[in-house]
1. Among residues belonging to the stretch 155-205 that are of a type in the set (S, T, N, Q) and either at pLDDT 95 or above or open to solvent by 20 Å² or more (accessible area, probe 1.4 Å) (or both), point out the one that is nearest to ARG228 (Cα to Cα).
2. Answer yes if at least one residue in the stretch 66-75 is assigned to a helix (DSSP H, G or I) and in contact (Cβ under 8 Å) with a residue 12 or more places away in the chain, and no otherwise.
3. If a residue has to be at pLDDT 90 or above, open to solvent by less than 40 Å² (accessible area, probe 1.4 Å) and in contact with a helix residue (DSSP H, G or I) (Cβ under 6 Å, 6 or more places away or on another chain) to count, how many in the stretch 217-254 make the cut?
4. Given the conditions (1) under 26 Å from ILE229 (Cα atoms); (2) out of contact with any Pro (no Cβ under 8 Å at 6 or more places or on another chain); (3) among the hydroxyl-bearing types (Ser, Thr, Tyr), report the number of the one that SER102 does not fulfil.
5. Give the residues of the stretch 5-32 that are in contact (Cβ under 8 Å) with a residue 12 or more places away in the chain, more than 14 Å from SER47 (Cβ to Cβ) and open to solvent by less than 60 Å² (accessible area, probe 1.4 Å), sorted by residue number.
6. Where in the stretch 1-65 are the helices (runs of 4 or more DSSP H), entirely inside, with at least 2 residues that are closer than 24 Å to SER94 by Cβ?
7. Among (1) surrounded by fewer than 16 Cβ atoms within 10 Å (Cβ to Cβ); (2) touching a Pro at 6+ places or on another chain (Cβ under 7 Å), which single condition is ARG69 missing?
8. Out of curiosity, is ARG111 among the basic types (Lys, Arg), over 22 Å from SER47 (Cα atoms) and under 14 Å from the mean Cα position of the chain (by Cα)?
Amino acid sequence: DVLHQYIGYFGQIRKINLSRISRTSGPEALITAEMLFNWQLEELILSRTAVNRETVDSIATYLASDRSRNLRMVRLDQCGLTGEDVAMFMHSMSLGPDSPRSLHLHVNENRLDNGCSYLFDAISKNMTPSHLSMQMIDFKKEEHFRQLVDALRKNRTLRYLDISKASLPYDAGTETCRALQRMFEENETLEALDISGESAHLDVARFGIGLNLALTGLKKNKSLKVLRIEHQKLGLQGANTLASVLEENESLRE
């Protein structure tokens, strides 16, 4: 209560970091929409702070308001968010399908597989901000990863995407790799993509040998400038595929 009472007095706050906060108080929001309206935030950070339903609603209300127009970064890593929560944030912050919000949304290491259909629907309908990081999604079904790839194929608002360290139940099958190939061929807005694997000693499921097929889609891609595919065990065959891509692709820089 004291926090709520006094922190609102600081009307000029541009950046607030409420990471790693734990509390044992009641079900009310940790940070209310009214508090957020008082500030002129450019950065809002709540990483590793458990975010309840009331706090999710407060942030969504704030994102939908004109008072959040200066916001450039929202970092909500390890907050216990679901795919449905993140979809709600996207719908709230969206300015319309043809004018993406210039904002970097970080939602790494959350339970995005829970309610992922809402999230993928928002991505396919161009509700995304310009930059999105969602590392370490644990896909329980390969079909869910394929739905994400299909949503990205349709998306026209994302310029930067980090989906590195995603885990699949097993190495990606032919259908999934074909979907990835089509995404590379048809997406016209992504400029930077990170689909790196995990550098763990444990054997984590990767995109597998089928990634070589997927990468051939880059021959037709004209927007992507940066592609990160570390720890995917591409091998000699992958090197050959990338070499053939680079003979035709003129947009890749890194």
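1. Per the criteria, the residue is SER199.
2. For the stretch 66-75, residues assigned to a helix (DSSP H, G or I) and in contact (Cβ under 8 Å) with a residue 12 or more places away in the chain: present.
3. The total comes to 6.
4. Only one criterion in (1) under 26 Å from ILE229 (Cα atoms); (2) out of contact with any Pro (no Cβ under 8 Å at 6 or more places or on another chain); (3) among the hydroxyl-bearing types (Ser, Thr, Tyr) is unmet by SER102, namely (2).
5. If the condition is that a residue be in contact (Cβ under 8 Å) with a residue 12 or more places away in the chain, more than 14 Å from SER47 (Cβ to Cβ) and open to solvent by less than 60 Å² (accessible area, probe 1.4 Å), then ILE7, GLY8, GLY11, ILE13, ALA29, THR32 are the ones that fit.
6. Once the helices (runs of 4 or more DSSP H) in the stretch 1-65 are filtered for at least 2 residues that are closer than 24 Å to SER94 by Cβ, what remains is 33-38, 53-63.
7. Failing condition for ARG69: (2).
8. Considered against the rule, which asks whether it is among the basic types (Lys, Arg), over 22 Å from SER47 (Cα atoms) and under 14 Å from the mean Cα position of the chain (by Cα), ARG111 comes out as no.
The values are calculated or read from the model by the stated rules, or taken from the named source; none is laboratory data. Remember, predicted model here, so these are calculated numbers, not experimental data. When we count neighbours, we look across all protein chains shown, and the Cβ atoms used for this are built from the backbone with ideal geometry, even at glycine. Accessible surface is based on the protein model in full, side chains and every heavy atom, while ligands, DNA and RNA are left aside. Shrake-Rupley method; radii C 1.70, N 1.55, O 1.52, S 1.80 Å.
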